[in-house]
Amino acid sequence: MPHAYDPTNIFARILRGEIPNKTVVETAHTLAFHDIAPQAPVHVLVIPKGAYVTFDHFAAEASAEELVDFHRVCAQICADLGLSIGSGGPGYRAITNAGGDGGQEVPHYHLHLLGGRPLGRMVERA
């Protein structure tokens, strides 16, 4: 089963309140919090509260309300943290990883929002 969800993953535990986090935004469907090992001056993780494993799983099976809420939270974070180019910010990078080849470490869909410095090339050529 390609999208079997593991309810013991760290993000599921954060959602249940078992592990603390530094919340940026929380809504009915989405939680965003600061990464504990930031890779840039701004590094926020955005996760849906539903049990989704990857971006394609979320995109295919989430409700319209979950999809809209998740993306509006991402836009709010970019604006609130001064990253949005629409508000004169310097820009940002949004990254999601899926599966082994994609480098996914936690089997719960999450989007990394990074910014606050030039981030260089997205992927180094092999």
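Since every read-out is calculated from the coordinates, none of them should be taken as a lab result. The structure presented is a predicted model; accordingly, all values stated were derived computationally and were not measured. Don't worry about glycine lacking a Cβ; one is built from the backbone with ideal geometry, like all the others, and counts go over all protein chains shown.
Tilt of helix 64-80 relative to the longest C-alpha principal axis of the chain, in degrees (0 to 90, nearest 10)? The helix 64-80 is inclined about 30 degrees to the chain.
For the chain, adding -39500 (n - 2.57) for each run of n ≥ 4 DSSP H residues and dividing by the number of residues yields -7000 deg cm²/dmol at 222 nm.
Give a quick list of GluC sites (Glu not before Pro) in segment 25-126 that DSSP marks as loop, anything other than H, G, I, E or B, with at most 14 other Cβ atoms within 10 Å.
E105, E124
Across q = 0.14 Å⁻¹, the chain modelled as identical point scatterers on its alpha-carbon atoms has Debye log10 I(q)/I(0) values of -0.62, in the order of the q list. Suppose the Debye formula is applied to equal point scatterers at every Cα of segment 57-126; what is log10 I(q)/I(0) at q = 0.18 Å⁻¹? Debye curve over Cα of segment 57-126, log10 I(q)/I(0) at q = 0.18 Å⁻¹: -0.87. Taking trypsin sites (Lys or Arg not before Pro) in DSSP loop states with no more than 13 other Cβ atoms inside 10 Å as exposed sites, the chain has its longest site-free stretch at 23-120. Among L114, L67, the order by Cβ neighbours within 10 angstrom, fewest to most, reads L67, L114.
Between the amide H of V24 and those of A32, F33, H34, distances stay under 5 Å, these residues lying 5 or more places away or on another chain, with hydrogens modeled in the peptide plane.
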